[in-house]
Structures are given as structure tokens and as C-alpha cells.
Amino acid sequence: MKKTIFITLVILVVIASALFINKGKTMNKENLMDNTNTYTVIAPNGMEIPFDKKTNLMIPNNDNYNKPRTNKEYLEIQSKYLLEARSILDSSPYKNYKPLYYNPKPNSLGQTDYLSFKPWLDISYKASSTKLSPWTKSEKAYYESLKDKRDRYIYLVKRSNLKCTMIDIPEDAIGRVDSNGKLTKPEYAEIYDEVNAHKGTLKSMLFSAEWGICAGILGNPMGFSHGNEAGFKARDYQRIFLAAQLGVTKALKFLGDLFEYTTYDIGLNKNLQMAEEFRRLAKNSPLDEYGMMPYLDEIVGSYFVMDFNRGLALDTDGRVMRYFRKLVEDEGKLLDPRDLDANETTREEFMKKMKDVLKDEMLPFDVAEPDDQEHRQVILNRDINILEAKILALTPPEGYPNAPYYNTPEELTRLYEAGKLDKKLNPLTPVMYRDSFPEDLRQKILSYAKEHNIKD
């Protein structure tokens, strides 16, 4: 089984990238089933689910659940979902991602990678910094050479790495909605109409948020400005930050409120200083001649976001994060590791608790919905789960530029010393040099820099 290693806040998890594994362990509850009659599907959370070869239905583990789960229709729905989710994840544009690990062992000259690792370690003691996900001189020069508002809009959208999960949007369709909400290129009327019809959906907050991202990509920056309480915290913070970069001043006020009132709903830690800074900017927004704030991160910095869905679906509905908000903010039983008063002891206490809770709250992908669940809710759950798989598939391993993933210094050190810390995930790496940065943009930047003798 081919294995891909993802760095997560939880553990270093080894998951398979292949859909079917025809050789392996026995699969039924008594471990007596001939494994030649089964194959394994890797669920979005990394769980190995046995499937019957003849029926293509999963072999459920009903023993661990109190409510009866014997409904064959629900079993079929869950089985089809797992196969579809696996297919979506295996088609990810990042499926061939290859980590590049720091080497903690001395070479023939007695040198290690520690000096290149140390700046990442040092910045992990801070909650935010203007040094995270930086612009280079050449990138800024190229961006400023773009004298059309739509071209700049396209650039910032592509730079954010936010992609529409609901419908395929060609690059030429980006930014085709003008300031009045009108489509400027009739060829994309079908896409525009579908997005416009769904962007206010009541299906779920996650669906509404994702349709909003699609609307934002088409040219309505307000589409990026609304968050939700699902578990994809880095994605949510990036979308709101992008809205502010594109000139939505209301997004600045929203960001201020996030840092004071709805912190854990979006993976943040309470920070009244940040809240005040965003509100100050909302009152007197430093908009450029195009009505944008592209370098907002150089003013307020980028803030480390806690996200439990890094490569794996461990808290897609955000319930674990909401539980930690209760422990940290309501009851004061834990100290957020990003807090100024945090130390090694409090950070390790938080991480241990987080790992335990995530393990206990792992979604039961190995069973169908309980028999007393309404069919309508079963179908909605399936649709939401498919959408979550699409989000995972379209999320770059390194996350998003202005919503860097948080790792404690201790976790980084352990990974480094074990030779399992991926240097490609270093949040100090300039955005244009990341694997996920659009290659066409990178070549345009490098060409422009060469032509104008710009050196970073």
C-alpha cells in the first residue's frame, strides 16, 4: 500500500493513496473471513474499511454502537459514499505530493538542517507575524505591473489557493462579475446562474459557504466574506482575509469580531489587540487605487490557525473545536498553546487532550446511519460528507497563504528529530515558491523579474 505522510496537529498519520487493497488483514469481527473475499477502502479520516468483493458493500462494525444499524438501504448509501469519497480524494491535484524532510543527522561535514529549521521553530512561539507567507520583491513587482482591476482580482484569487468545490469554473471565468453584480461574458451564463441560484442555500452552512466561495471566484468579493462553523478553519479564515484584500471593508470588521467573540469557531485564539487592529483598519481602510488591500498581511500579519482537518477528516463538523472553546474560554481548564502565557507544560497538556478527544470523537465511517435516522437526514449527511471530501481534495498540503497551520514548538521539534518534518510546509516560505502556487503565475513573475533585473 502506497503511503503518503501528512503532518497534522494530531499525529503523523500514514494513510494510503490507493482505493483498493486486495491483500491484508482478515476483516470480519471474529477475524475469520478469508481476506481474498474482501478489499479495503480508506475513509476520509484514515480508517480502513473492509468491503465485500461480491456486493461492493462495506462490512459494518455494529458491535460498538448502541443504536441498531441494520438498514440495508442505509448500508448501501454509506458504502457508495465511501467509494465516491475515496475516488474524490484519489483524484486530488495534490495526490502526487512528495514531502521533503529536514535531516537532523549530521552529514560528512558534521552539518545538520537545524539552522534552516530554527526560524520555523522560533516563529512557532508567536501567534502571528508579518514574516509568515511573505511576498517577494519580484512577486510584488509583477502584481503591481497589472494595471487592470480584474487582472489583480484574478491574481489574488489564484494566490489564495481557494478553489470552487461545487462547480468547475474555468480560469477565464474568474472575476467576470462586475461591481454591479452583472455577468460581463455571456458564455459563462450557465455557471453564473447556477452559482447565483445556490449561493443563499439553506441546505447547510457548509454548502452556503462553499457556494459563496464560488461566487467570490466569479467576481463577487462579498461571497468570500461569510464564514461558517464547520471544521475547515484555515479555509474559512483565508476566505474572509481574501475578501478584505479584495476591498470588502466589512470583512475587516468581521475579522475583528472573530478575534474577540467567535475565536474557536474559526480556529483562532482570543486576541483583543488583533481585534482592535482590524476594527481600526475598517474605519480607515488603506485601499489602493483599485479599491483593494493586497498587502493586508504586511500590515496585520498572518495568524496561525488551528485546524484538525489537515489531510484527514478528523473534525469536519467542528464539534471538537467547539468543545475546546468550552474548555479554554468558558471553563478555563486549558490554556490555548498560542496564548502569551502558554509554556511547554500547558502546550503539551493541550496537545494530549486534543489527541485523546479526536480519537474518542472519530466519526464512525465503519457503520451506516442508525435505523431510526430520517431518510432525508441520511441523504443530507451523505451530501455533506461528499462536499467535505471535495474540500479535503482541493486543500493544498501547506494550507493557505494567510491562514498558516499551527504547530506547537514541541511538536515541530519531535517531528524534526524524527526526520519527519516536511520543509515544504514551512510557513516562512514565500508564497510564490510553494508547491501549490500556480505554475503559470510563477513563470510570469520570474520572467518579469528577469526582464526588469529584480532580485529577491
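Laboratory data are not the source of any read-out in this text; all were calculated from the coordinates shown. Because the structure is a prediction, the values reported are computed rather than measured. Here Cβ is always computed from backbone atoms with ideal geometry, including for glycine, and neighbour counts include all displayed protein chains.
For this structure, a couple of remarks:
- Peptides ranked, highest mean first, by Cβ atoms within 10 Å: ranges 225-237, 262-274: 225-237, 262-274
- Multiplying the residue separation of Asp151 and His375 by 0.36 nm and subtracting their alpha-carbon distance yields 76.0 nm.
- Note on Ile386, Ile217: ascending count of other Cβ atoms within 10 Å places them as Ile386, Ile217, the fewest first.
- The stretch between Tyr65 and Glu344 holds 96.7 nm of extra length on full extension. This uses 0.36 nm per residue minus the Cα-Cα distance.
- Pairs beyond 25 Å (Cα-Cα), from Lys270/Lys352; Lys105/Lys137; Lys80/Lys424; Lys158/Lys355: Lys105/Lys137; Lys80/Lys424; Lys158/Lys355
- Packing-based exposure ordering (other Cβ within 10 Å, fewest first) of Lys423, Lys163, Lys53: Lys53, Lys423, Lys163
- Residue separation of Leu272 and Tyr295 scaled by 0.36 nm, minus their Cα-Cα distance, works out to 6.1 nm of gained length.
- Residues Ser208 and Lys137, FRET efficiency given R0 of 51 Å [Cβ-Cβ distance, rounded to 0.05]: 0.85
- Estimated FRET transfer efficiency (Lys250, Thr36; beta-carbon r; R0 51 Å; 0.05): 0.30
- Net charge dipole size for region 389-432 [Lys, Arg +1 and Asp, Glu -1 on Cβ; Debye, nearest 20]: 180 debye
- The relative contact order of region 320-414 comes to 21 percent, based on Cα pairs under 8 Å that sit 6 or more residues apart.
- Positive-end residue, the chain charge dipole about Cα centroid, Cβ charges, pick of Leu327, Leu380, Gly227: Gly227
- Point-to-point label distance, Asp383-Asp90, nm (Cα→Cβ direction, 7 Å offset): 2.7 nm
- Taking every alpha-carbon pair under 8 Å whose residues sit at least 6 apart, region 159-276 reaches a relative contact order of 20 percent.
- Using Cβ point charges alone (K and R +1, D and E -1), the dipole size of the chain about the Cα centre works out to roughly 900 debye.
- Peptides ranked, highest mean first, by Cβ atoms within 10 Å: ranges 292-304, 97-109, 435-447: 292-304, 435-447, 97-109
- Residues of region 253-271 falling in the label zone of Arg322, defined by backbone nitrogen less than 20 Å from a point 7 Å along Cα to beta-carbon, are 258-270.
- Mean separation of Cα contacts under 8 Å, 6 or more apart, over the residue count of the chain: relative contact order %: 25 percent
- Each residue of region 222-237 was assigned a 3J(HN,Hα) from its phi angle through the Karplus curve 6.51 cos²θ - 1.76 cosθ + 1.60 (θ = phi - 60°); the sequence is 4, x, 7, 8, 10, x, 8, 9, 6, x, 8, 5, 4, 4, 5, 5 Hz, with glycine and proline shown as x.
- Charge-dipole axis of the chain as Lys and Arg at +1 and Asp and Glu at -1 on Cβ define it, positive-most pick from Gln245, Tyr94, Leu146: Leu146
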